[in-house]
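Undergrad: Before anything else, here's the structure in question.
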Amino acid sequence: MTASSTHVAKRHLLEAKGVTKRFGAVEALTGVNFEVDAGEIVALVGDNGAGKSTLIKSIAGIQPGEEGQYFFAGDEVSIRSPLDATQLGIATVYQDLALCDNLDVVANLFLGREEIEHGPQSALLTLNEVDMEARALELLASLSVTTLRSVRTEVGSLSGGQRQSVAIARSLLGDPKVLILDEPTAALGVAQTHQVLELVKRLRERGLGVIYISHNISDIFDVADRVIVLRLGRRVATFRTSAATPNEVVAAITGSRLTATVPQAGSEATT
Amino acid sequence: MTTATPTPPVAASAPDVPETPRPTLTMRLAQLGSLRVAFVLALIWIIFQAENDRFLTSFNLTNLVLQIAAVGTISVGVVLILLLGEIDLSVGAVSGLAAAVMAVLNVKHGWGPVPSICAGLATGAVIGLLNGLFVTRFGIPSFVVTLAGLLAWQGALLQVLGSTGTVNLSDPTITGLTDTFYGDVFGWVMVVLVVGAYAASGYLERVRRARAGLPPPNLAAFLTRLAFVAIGTIASVLVLTSDRGIPLAGLILVGLCAIFVFLMTRTVFGRHVFAVGGNAEGSRRAGIRVTRLRIIVFTLASTLAAAGGMLAAARLQAVNQSSGGSDLLLLAIAGPVIAGTSLFGGRGSVWHALLGALVIGSISNGMDLLALESSVKFMITGGVLLIAVVIDAVIKTQRERAGARR
């Protein structure tokens, strides 16, 4: 379904070829190819146990696959640890966000990469709050995250959508090229989901390659350019959202033959 | 497979949470922060003064400062541990052991006062290092590790003291820790320095923020805090100098508080302690070296406990078998908790060590003046602690309810 002929000429931002991962006798991934371009949102879908997480963890270097080649901007690279992935410019926002509820937005954004005062105070590793706050405001403004009343608000008192926005913004501080989002809207209501999806679209405008894991078909058709379907550890289908229907995607996920009417799927897609 | 109707994946539909939680009474209490404790303290003082007019005399208040210096110093370390979301039940026993080491070296082995004190501090540091290693390397809860320490170090105290059981201290440098007072001139220089430094740092912050194009901090709030600092220091100096003078022990406690407040609020180290207390796994993923941080904090806490133990010994002018025992441990933990440092980690302030020690010390001192029996004293102190912990727990639930649920 993808225009595979163009692949020869085009260098993908990130490409994985033939990724295979075994857990004992179980083959969690079997020769999976995966690619994402700059300024593209690729949705990665599949039923539970299809291998989405395993594939993501191999790309993020958390659980490297046994076999497989990785290419970054056309060059073959090795991703054997989270550090490798980070240095290449691959950032991941996990579902649990890993925010500190007791710290404010600025402190969370800069956690682990705090800015230090210059001059004699630098010996004590004194925090440069002014610079951090200014950069935080700049970053959030560039992402049009405008619902925060103050960047000095404790993250614990923010809404789910705001927390997700903070987590995504934090991952951008490392200036990544590829961003992996693991079910960013899973626990959000309608308005907050919309807020996060708009943010994801702005990431595409910034030229990032976004890998978007989701179970929500309507969200996927809202933001993604392409949909890659995994089933039982294999890549079984690829769709362009502009040229596919939600029914087709659902059918590929479940492995059922595409029937003319799939009532629930249809109603889900129109909501 | 083919016959099953594909169930569409549906996003979990969590209800939308309101963006602004309605401030409840407990939320307001939470926002009051340290001010809440200041009110409680004022209330306690008014009650005791009404019952016995010797309570608010400069003589008694100077005694109060001397009484709380040791437990307050131990509490500074306890705050660091609590912020990390851990507990250290061995601080009392460690304070006694460190004091015993200092006393025995000084009295029985003829060491000078400064080397003896350093050896006491080193004893604390080594024990803290051990605590940290056991907690991090073997993954044993700090509650259990330090509970074992509580017993073991009490045994070590008896061992170090030997058959005599009591070592009397007469070295003027050591007893001088709680027996040295500074006069008017020193006091007013301190007032000028403290208030000046506070005002200057506030002014510099405004200038820097303005230069970076950031909104200025709330001027009224800053001026209020500045006024509190000025009134507090001036009143302290006036009261203390009208009696024996400004006690060195009090300066040590306040100085340690100031140093650790700076460390915890203005440096990367402190930021990381708060972060680990808030979300240890998230902090680890953000690249914070959590294990190293835990070991450092346990080491600092035990070292501060050792310092507190030596202050207590200096005041008693002796170390005996009950040094560091009795209710010292519980009061050292209760103080910061009463003042609002959370037992659940990530929330609190080093100032709570001082405030909490003042609250507990005032209750104890006041009840002594009223010649109440220790049965009553224990029950009242316990009641105050319980109320404080209940407030902490209620605030925590409120905050969780107000914050977005995942």
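Each value in this text was obtained by applying a stated rule to the coordinates, not by laboratory testing. Keep in mind the model is a prediction, meaning the values are calculated, not measured. For neighbour counting, all protein chains shown are included, and Cβ atoms are generated from backbone atoms with ideal geometry for every residue, glycine included.
Undergrad: From the square roots a ≥ b ≥ c of the eigenvalues of the alpha-carbon gyration tensor of the range B:129-242, which class results: rounded (a/c under 1.5), prolate (a/b over b/c), or oblate?
TA: Details: a/c = 3.97, a/b = 1.50, b/c = 2.64.
The shape class here is oblate.
Undergrad: Between 0 and 90 degrees, rounded to the nearest ten: what's the tilt of helix B:268-278 against the longest Cα principal axis of chain B?
TA: With rounding to tens, the tilt is 60 degrees.
Undergrad: Sort all Cα-Cα distances of the protein assembly as shown into consecutive 20 angstrom bins from zero, then give the percent of pairs in each bin up to the one containing the longest distance.
TA: Each 20 Å bin holds this share of Cα pairs: 16, 41, 27, 13, 2.
Undergrad: On alpha-carbon atoms, Rg over Rh for chain B using Kirkwood Rh?
TA: Result for chain B is an Rg/Rh of 1.03.
Undergrad: Mind listing the phi-derived Karplus ³J(HN,Hα) values for the range B:338-355, rounded to whole Hz, using 6.51, -1.76 and 1.60 with θ = phi - 60°, and x for any glycine or proline?
TA: Here the 3J(HN,Hα) series is 4, 7, x, 7, 6, 7, 9, x, x, 10, x, 8, 5, 4, 4, 4, 5, 4 Hz.
Undergrad: Next question, about the same structure. Would you please give the residues with an amide H less than 5 Å from that of residue B:267, counting only those at least 5 places away or on a separate chain, with H modeled from the backbone geometry?
TA: A:127
Undergrad: In whole Hz, what ³J(HN,Hα) sequence does the range A:33-48 give by Karplus (6.51, -1.76, 1.60; θ = phi - 60°), x for Gly and Pro?
TA: 9, 8, 8, 9, 9, 5, x, 10, 10, 9, 8, 10, 10, x, 5, 4
Undergrad: Here's a follow-up. Between residue B:52 and residues 5 or more places away or on another chain, which pairs have amide H atoms under 5 Å apart, with H built 1.01 Å from N, and which residues are they?
TA: Residues meeting the criterion, in which the H sits 1.01 Å from N, do not exist here.
Undergrad: In Å, what Rg and Dmax follow from the Cα atoms of the range B:192-305?
TA: My reading of the Cα-based Rg and Dmax gives 18.3, 55 Å.
Undergrad: Taking beta carbons within 10 Å but only from partner chains, what does the mean come to for residues B:215-222?
TA: Taking the mean over all residues of the peptide, I get 1.
Undergrad: Further question on the same structure: Run the simple label-point estimate for residue A:138 and residue B:129 please: 7 Å along Cα→C-beta, distance reported in nm.
TA: Label-label distance for residue A:138 and residue B:129, simple model: 4.3 nm.
Undergrad: If you take all C-alpha pairs in the range B:325-401, what percent of them are over 14 Å apart?
TA: Of all Cα-Cα distances in the range B:325-401, 62 percent exceed 14 Å.
Undergrad: Within 10 Å, count the other beta carbons around each residue, average over each peptide in B:361-372, A:74-85, and list them highest first. Intermediate values should be presented prior to the final figure.
TA: Numbers: B:361-372: 17.7, A:74-85: 14.4.
Descending mean neighbour count gives B:361-372, A:74-85.
Undergrad: Let me ask you something else. Quick one: which of B:78-86, A:164-172, A:203-211, B:107-115 comes out on top by average Cβ neighbours within 10 Å, and what's the full order, highest first?
TA: Descending mean neighbour count gives B:78-86, A:164-172, A:203-211, B:107-115.
Undergrad: Another question, if that's okay. How would you rank B:214-220, A:13-19, highest first, on the average number of other Cβ atoms within 10 Å across their residues?
TA: Result, highest mean Cβ count within 10 Å first: A:13-19, B:214-220.
Undergrad: Now for a different question. Mind giving me the nanometre distance, one decimal, between the label points for residue B:168 and residue A:146, set 7 Å out from Cα along Cα→Cβ?
TA: Going by the 7 Å Cα→Cβ label model, 7.9 nm.
Undergrad: Another one. Helix B:248-266: angle to the longest alpha-carbon principal axis of chain B, degrees 0 to 90, nearest 10?
TA: Helix B:248-266 and the main axis of chain B meet at about 20 degrees.
Undergrad: On a straight-distance basis, which aspartates and glutamates could pair with residue B:377 in a cross-link, Cα separation under 12 angstrom, same-chain partners fewer than 8 positions away excluded?
TA: The qualifying aspartates and glutamates are B:327, B:368.
Undergrad: Given the convex hull over the Cα atoms of the range B:41-188, what projected area results after averaging over all orientations, in nm²?
TA: 12.4 nm²
Undergrad: While we're here: If eta is 1.002 mPa s and T is 20 °C, what Stokes-Einstein diffusion coefficient results for chain A, Kirkwood Rh from Cα pairs, in µm²/s?
TA: Here the translational diffusion coefficient equals 109 µm²/s.
Undergrad: Also, I was wondering about something else. Under 5 Å between amide H atoms, partner at least 5 residues away or on a different chain: which partners does residue A:231 have, H built in plane at 1.01 Å?
TA: Under 5 Å from the amide H of residue A:231: A:236.
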